[in-house]
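> Mind having a look at this structure? Questions to follow.
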Amino acid sequence: MKKILTIILLSPILFFSACNAGKYVNAKGRFIYTSGDGSINSINFNTSDFKTLSIYKSKTMSTIDNLVKSDDNTVLFGECPISGGCIIKQYSIDTMQSRLLRTGRLSNYIINHNKVFFYDKASDDKNWLFVASVNNINEARKVAKEPLSITLPNGIKQSIAMPVIQILKNDIIFVGEDKELWEYNIVENKTTPTGIKDCRPALWIDKRDNLLCTSWNKWEPFLLNLNTNNRVKISHLKGAYGFEYIPENDALIYGRTKSKYLIGETYNIYYYSFLDRKEKKIKKDSHIAAGVWFNNRTNKLQ
């Protein structure tokens, strides 16, 4: 693995409300996201009011478990009906049409290898992490067993299976059966333990050569150096989730839940720049389960 760069500690965050956020957000493009309820929406960052459109709605009572870019005009996502198993679909933003690819969930697409990683049940009736070529997606190869759920301090069982994350040209990171991070080399078809524990992997931050994680028992984000296991907490992002990274702007989009009045909660979408260390509220009363960024070089989104 390549040498990891030194992390610069993050300064205290500055906040801006949604009404004046537009002039502080430099990113131009669209954020395609799901709230997890069977719908997919688009936020236009080219408008000062961050205009939002609904672009997909499941025909059945379903949840959507992940959303990833497969090319400049399409996304892959897992759709899980309330009754029945999960399926992986491909959706065209241009035609607004979807097509079924196969069974599975928590998919991620590795563009430079034309490979899809996903979880599904195998012939042994156990859940596995698989990899397959998009051109022959039903011919899948096992990578590792899916980790079992953990029990949180409040007694609730939580799945720790997460979509794989690409960290290098030929390498991805995933949560292993032992609940630790494992590395998989796509070319060599080889898995390697990292020995790193207590990391819910969220995304790879290119410009910082670090993995963004949250702890399993507490939703506390931190930057992880995979070579040294050094961790730098990002305290001002505590409670954030649904992260998406914008490399061109060295920025994050994410959701955060806040208490509302004496009871109840409110969900908001935020934008945070690592460069100026400012947080901006982009959209009120909207929840993120997963999302993907399309910049303005993508012609179909103009």
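The values are calculated or read from the model by the stated rules, or taken from the named source; none is laboratory data. It should be emphasised that the depicted structure is a prediction, and the values quoted were computed from it without experimental measurement. Because the Cβ atoms are built from the backbone with ideal geometry, glycine has one as well, and the counts that use them run over all protein chains shown.
> Would you say ASN108 is part of a strand (DSSP E or B) and either modelled with pLDDT of 95 or more or within 21 Å of ASN73 (Cα to Cα) (or both)?
Judged against the criteria, ASN108 is a match.
> I need the full set of residues from segment 112-162 which are surrounded by 12 or more Cβ atoms within 10 Å (Cβ to Cβ) and assigned to a helix (DSSP H, G or I), in order please.
Those that are surrounded by 12 or more Cβ atoms within 10 Å (Cβ to Cβ) and assigned to a helix (DSSP H, G or I): HIS113, VAL134.
> Identify all residues within segment 146-179 that are more than 19 Å from TYR109 (Cα to Cα) and out of contact with any Ser or Thr (no Cβ under 9 Å at 6 or more places or on another chain); write none if there are none.
THR151, LEU152, PRO153, ASN154, GLY155, ILE156, GLU177, ASP178, LYS179
> Name the single residue, out of those in segment 88-98 being touching a Lys or Arg at 6+ places or on another chain (Cβ under 7 Å) and crowded, with 16+ Cβ neighbours inside 10 Å, that is farthest from GLY29 (Cα to Cα).
Looking only at segment 88-98, we keep the residues that are touching a Lys or Arg at 6+ places or on another chain (Cβ under 7 Å), and these are 88-90, 93-94, 98.
Retained after the next criterion (residues that are crowded, with 16+ Cβ neighbours inside 10 Å): 88-90, 93, 98.
Working: ILE88: 25, LYS89: 23, GLN90: 21, ILE93: 14, SER98: 22 Å.
Result: ILE88.
> Does ILE93 fit the bill of being modelled with pLDDT of 95 or more and within 30 Å of LYS169 (Cα to Cα)?
no
> THR257 - would you say it is polar (S, T, N, Q), over 17 Å from LYS145 (Cα atoms) and in contact with a Pro (Cβ under 7 Å, 6 or more places away or on another chain)?
Against the criterion (polar (S, T, N, Q), over 17 Å from LYS145 (Cα atoms) and in contact with a Pro (Cβ under 7 Å, 6 or more places away or on another chain)), THR257 does not qualify.
> Of the conditions (1) touching a strand residue (DSSP E or B) at 6+ places or on another chain (Cβ under 8 Å); (2) of a type outside the set (Gly, Ala, Ser); (3) free of Cβ contacts under 8 Å to residues at least 12 places away in the same chain; (4) part of a loop (DSSP other than H, G, I, E, B), THR192 satisfies every one except a single condition; which number is it?
(4)
> Would you check if there is a residue in segment 266-277 being charged (D, E, K, R), crowded, with 20+ Cβ neighbours inside 10 Å and either within 17 Å of the chain's Cα centre (by Cα) or over 27 Å from THR194 (Cα atoms) (or both)?
no
> Please pick out the residue among LEU67, LEU76, LEU53 that is surrounded by fewer than 18 Cβ atoms within 10 Å (Cβ to Cβ), out of contact with any His (no Cβ under 9 Å at 6 or more places or on another chain) and not in a loop (DSSP other than H, G, I, E, B).
LEU53
> So which pairs qualify, if the first residue must be in segment 67-92 and in contact (Cβ under 8 Å) with a residue 24 or more places away in the chain and farther than 16 Å from THR34 by Cα, the second must be outside any strand (DSSP E or B) and of a type in the set (A, V, I, L, M), the Cβ gap must be under 6 Å, and the two must be at least 6 apart or on different chains?
What qualifies is ASN73/ILE93.
> Still on this structure: LEU100 passes all but one of (1) aliphatic (A, V, I, L, M); (2) closer than 18 Å to CYS80 by Cβ; (3) in contact with a helix residue (DSSP H, G or I) (Cβ under 7 Å, 6 or more places away or on another chain); which number fails?
(3)
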